[in-house]
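Notes follow once the structure below has been shown.
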Amino acid sequence: MSKAVYVATIEPNSGKSIVVLGLMRMLLGKTPKVGYFRPIIDDLEEGEIDNHINTVISHFELDINVKKTYAFTRSQVLKKYNKGKSGDIIDGIIEKYKKLEEKFDFILVEGTDFSDEGSIIEFDINVLIAKNLGIPAIIVSSAYEKSNAELIGNLKLAYDSFHAKDVDVIAIVANKVTHEKEVTLTTTLPKEFTNDEIEIVVIPQINSLINPTIKEIVKELDGKVLFGKEYLNNQAGSYGVGAMQLRNYLTHLKENSLVITPGDRADIILGALQANNSANYPKISGIILTGGIIPEEPILKLIEGVTPVVPIISVPNGTFSITNKIGSIKSKIYAENTQKINTSISTFEKYVDVDRLADKLITFTSDSITPSMFQYNLLKRALQHKKHIVLPEGLDERILRATSRLLALDVVEITLLGDKKKIQNKITELDIPFDYGKVNIISPVDSEHYDDYVQTFYELRKHKNVNMDIARDMMADVSYFGTMMIYKGHADGMVSGAIHTTQHTIRPALQFIKTKPDVQVVSSVFFMCLDDRVSVFGDCAINPNPNAAQLAEIAISSAESAQAFGIEPKIAMLSYSSGSSGKGIDVEKVREATMIVKEKRPDLKIEGPIQYDAAVDMKVGKSKLPDSEVAGQASVLIFPDLNTGNNTYKAVQRETGALAIGPMLQGLNKPVNDLSRGCTVDDVYNTVIITAIQAKGL
């Protein structure tokens with residue numbers, strides 16, 4: 001089987017970006033080194049980067065030079081064709097591809113976009129490229145404004161063209177399928193393509209991917225941004241002309257409406273902005289001012305004082321022609337529009353059997369697990385059983401941005417705790433794309449469960465002299481309320497700590513979630529995603545100075561966590577000495593803990609005491625402990641105390657750029673995880689996902 005796949009379409013605006021983004025996410029989760037190649041790209045301005053290439057390389061952080069990701073521009077291809085040098089095109093593409101093939105385990109090849117000029121020969125070129133590269137193809141076609149018969153006819157014609165050139169077609173994708181056609185196509189397409197080796201995929205029309213952003217509209221209309229430049233990634237859900245009186249126009253506003261109005265209609269402009277800030281009207285995505293008319297100075301000054309300001313764009317043409325142009329704009333996906341990228345990936349994974357497709361594409365397995373593979377597997381496992389995670393710090397920007405990302409992927413159900421109006425205002429102020437229909441926002445004291453939670457807490461803690469007044473105060477606290485949601489089965493896990501201390505986060509869990517029956521010590525691990533591997537660090541967040549028995553339990557728990565997350569546990573019990581040479585209280589504690597683990601779990605590979613360099617560097621490890629199964633290849637590193645562990649994980653994270661996922665708490669009956677107060681949006685996102693996996697029982 002090939003080390004690559006060719007994604008081809010038969011028309012413009014097929015939506016093949018969904019397939020490319022979804023495939024890249026899938027491949028990075030299965031293969032350590034994935035490359036990306038576009039044989040032919042659109043013509044570029046000086047210094048410009050092809051949008052497809054920029055989006056894929058930027059989002060997935062691929063280690064690849066942009067100039068090596070394509071062979072020719074469209075105009076170069078047409079010139080060579082006109083001169084009868086078509087052979088030079090294929091030769092040049094093969095040369096570029098083979099250089100990538102030497103560096104990467106697998107290459108995702110994206111076929112051309114169709115344009116008016118040269119589109120007659122374009123499909124034939126794609127077939128010819130796939131044949132000469134010797135790689136299988138995935139064919140994507142859009143069902144938009146087509147009958148089922150037309151769509152099936154186009155797909156069969158494309159399949160026959162590839163098949164006639166001996167190019168294996170491993171998948172047929174019908175994209176942008178309306179709800180009315182979806183059921184019929186799902187039944188009909190497999191009957192038309194009876195080869196069991198072909199994956200048949202039907203992807204419905206996703207409006208949020210079809211609707212253009214304001215940035216795209218500005219570019220298409222050659223508009224001038226007057227206000228709200230930072231909000232250009234807003235998506236226009238619908239559009240309408242503001243020509244009637246304001247009191248009548250307001251009734252026509254819809255969610256994410258794009259307001260189109262002449263530049264001298266100050267009443268419509270100010271009214272739309274005020275409606276955007278009002279809780280009684282839908283949010284608007286932007287305002288287009290037609291006729292090249294700029295509002296007068298007093299109006300501009302008034303707009304400047306209205307926050308937040310949506311994009312306000314001035315365009316030179318009249319209202320009628322501008323409205324028609326906006327209606328014909330075809331949306332694209334840009335690198336900075338992570339909302340669309342995440343939606344594309346989640347859509348692909350929802351409607352494609354990624355495991356079966358991966359089995360057809362990838363014929364080898366890797367002994368190592370890369371950070372991308374690890375994160376992909378986390379997301380995949382969380383998607384299998386959608387869990388409900390409560391986030392008590394609903395006003396924190398990092399929490400809100402991570403929530404937006406999680407909702408776009410539809411990976412978990414989220415409850416945010418805090419004042420609903422303040423949270424909504426914060427979301428608006430930060431211009432965070434947010435699907436309010438997918439999130440619960442709860443103020444503890446206003447919750448329908450508040451009184452029940454108070455009574456439950458009182459019953460659980462009255463032996464500790466808790467009275468009803470104390471119980472009411474505790475349940476008004478977001479950490480206690482969130483933990484009680486888990487206890488009562490109204491949520492599956494909790495993530496907190498962005499603005500609260502570790503103690504504030506986990507104290508409620510220790511009081512009434514409690515530890516598992518066989519656990520004496522609640523501990524934590526970080527999953528340290530280094531360049532070429534993922535290591536488990538424990539305990540770097542909870543236990544200041546564990547004794548030997550506690551250290552042994554931390555090691556066993558960490559090994560079990562590693563194994564549960566797909567990492568073979570090879571445990572290094574870290575100290576300032578390796579082997580039997582060192583003396584002293586601290587090293588003896590580590591030595592004793594190692595012996596306890598060996599007695600309790602003789603099945604585990606463990607070495608200790610051992611120094612960090614001997615644990616992770618094969619050359620050093622073999623020189624110091626030549627007979628060890630762990631030295632030089634440790635995957636689970638257990639630190640002797642919190643001071644050492646916390647400083648080491650932060651040093652590794654900052655100096656190497658490693659992603660530290662966690663801390664993940666071990667030993668509680670139900671998952672509660674603590675964030676660092678210096679956490680990033682990625683930290684929140686990843687911690688929520690591992691909490692969801694914990695909630696399903698690993």
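Observations on the model:
- Potential lengthening between K79 and A279 on full extension [0.36 nm per residue; Cα-Cα distance subtracted]: 66.3 nm
- Residues in segment 680-687 carry Karplus couplings, in order, of 9, 4, 4, 4, 4, 4, 5, 5 Hz; the curve used is 6.51 cos²θ - 1.76 cosθ + 1.60 with θ = phi - 60°, and Gly or Pro positions show x.
- If you take all other residues with their beta carbon under 13 Å from the beta carbon of L460, and give Lys and Arg +1 and Asp and Glu -1, the sum is +3.
- Gain in span if fully extended, S147 to A243, counting 0.36 nm per residue against the direct Cα distance: 31.0 nm
- Under 5 Å, built H, 5+ apart or other chain: amide partners of A4: I107
- 19 Å Cα-Cα reach of K421 towards lysines, excluding residues that sit fewer than 8 places from it in its own chain: K283, K438
- Neighbourhood net charge (10 Å Cβ-Cβ; Lys/Arg +1, Asp/Glu -1) for L246: +1
- Lysine pairs with alpha-carbon atoms under 16 Å apart, segment 523-667, spacing 8 or more or separate chains: 6
- Rg [Å, one decimal], Dmax [Å, integer] - segment 28-116, C-alpha atoms: 13.6, 44
- For segment 367-513, convex hull volume per residue from C-alpha positions, Å³: 133
- Separation of alpha-carbon centers, segment 658-691 and segment 268-289, rounded to whole Å: 38
- Förster-model FRET efficiency, 51 Å R0, E45 and E296, C-beta, rounded to 0.05: 0.90
- Residues of segment 211-229 with amide N under 14 Å of a point placed 7 Å along Cα→Cβ from K330: 211-212
- Per-selection Kirkwood Rh - segment 523-667 (Cα, Å, 1 d.p.): 14.6
- When all alpha carbon pairs of the chain are counted in 20 Å bins from zero, the resulting P(r) reads 16, 41, 34, 9, 0 %.
- Spin-label model, K99/T501: points 7 Å from Cα along the beta carbon direction are separated by 5.8 nm.
- Remark: spin-label model distance K516-D160 equals 6.0 nm, labels positioned 7 Å along the Cα→Cβ axis.
- Eligible aspartates and glutamates near K670 by straight Cα distance, threshold 17 Å, same-chain separation 8 or greater: E413, D492, D518, E560
- Fewest-first ranking of T501, T347, T403, using other Cβ atoms within 10 Å as the exposure measure: T501, T347, T403
- Applying 1/(1 + (r/R0)^6) with r as the Cβ-Cβ distance of K488 and H179 and R0 = 45 angstrom yields a FRET efficiency of 0.75.
- FRET E, pair L430, R461, Förster distance 45 Å, beta-carbon r, rounded to 0.05: 0.75
Laboratory data are not the source of any read-out in this text; all were calculated from the coordinates shown. In this text the structure is predicted, and so the values were computed from the model without any measurement. All Cβ positions, glycine included, derive from the backbone under ideal geometry; neighbour counts span all protein chains shown.
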